[in-house]
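Q: This is the structure, below, for whatever I ask next.
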Amino acid sequence: MKHFEYFETKYDSEIIEICLANPMYFDVRQFEELRDEMADFVNTFEPKKLIVNFSHVRFCSTAVISALMVLKDRVEKFGGQVKFCEMNEAVRESFANLKLDGPVFEIHSTAAGALAGFGR
């Protein structure tokens, strides 16, 4: 299995879960690397059901949100779905303030909730 620097991957049959590293201390170069690494991940695995776990994320900048929007678009181009989970209150509030919670991203409180969101 391929190793990624900015997130860990877990596999459960047809569902892939990625657990993001905390991007709080990323510089501009690292945001670009995160975006590129996510693109590589999607192009390599073409996930049909992807969970993005934010349990290690304490702060989410607009650069990370932009990378996540690109990730979601790429997954959907392969006919896949993306669900987010395990956001702390501050991160979830950031997504809500940007009106991304619901219309753009499907966000669940827990990984189990995200998993159930796929209708398994």
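Conditions (1) among the aromatic types (Phe, Trp, Tyr); (2) surrounded by 13 or more Cβ atoms within 10 Å (Cβ to Cβ), marked per residue:
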residue: Phe45; (1), (2): yes, yes
residue: Leu50; (1), (2): no, yes
residue: Ser55; (1), (2): no, yes
residue: Ile65; (1), (2): no, yes
residue: Asp73; (1), (2): no, no
residue: Gly79; (1), (2): no, no
residue: Val91; (1), (2): no, yes
residue: Asp101; (1), (2): no, yes
residue: Ser109; (1), (2): no, no
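Q: Quick test for you: out of Arg35, Arg29, pick the one residue that is over 22 Å from Phe118 (Cα atoms), exposed (fewer than 13 other Cβ atoms within 10 Å of the Cβ) and of a type in the set (Lys, Arg).
A: Step by step, each of Arg35, Arg29 is checked, and only Arg29 is over 22 Å from Phe118 (Cα atoms), exposed (fewer than 13 other Cβ atoms within 10 Å of the Cβ) and of a type in the set (Lys, Arg).
Q: List the number of the failed condition for Asp73; all other conditions in (1) among the charged types (D, E, K, R); (2) over 26 Å from Gly119 (Cα atoms); (3) part of a helix (DSSP H, G or I) hold.
A: That leaves (2) as the condition not met.
Q: A further question follows. Can you pull out every residue in the range 97-113 that is under 15 Å from Cys60 (Cα atoms) and within 15 Å of the chain's Cα centre (by Cα)?
A: Within the range 97-113, Leu100, Asp101, Phe105, Ile107 qualify.
Q: Could I ask something else about it? Can you go through Ile107, Ile65 and tell me which one is among the β-branched types (Val, Ile, Thr), closer than 15 Å to Glu17 by Cα and either modelled with pLDDT of 95 or more or part of a helix (DSSP H, G or I) (or both)?
A: After ruling out the rest, the residue left standing is Ile107.
Q: Determine which single condition Pro47 fails, assuming it passes every other condition in (1) within 21 Å of Ala116 (Cα to Cα); (2) not in a loop (DSSP other than H, G, I, E, B).
A: Only one criterion in (1) within 21 Å of Ala116 (Cα to Cα); (2) not in a loop (DSSP other than H, G, I, E, B) is unmet by Pro47, namely (2).
The values are calculated or read from the model by the stated rules, or taken from the named source; none is laboratory data. In this text, all values refer to a predicted model and were calculated from it rather than measured experimentally. As a convention, Cβ positions derive from the backbone with ideal geometry for all residues, glycine included, and neighbour counts pool all protein chains shown.
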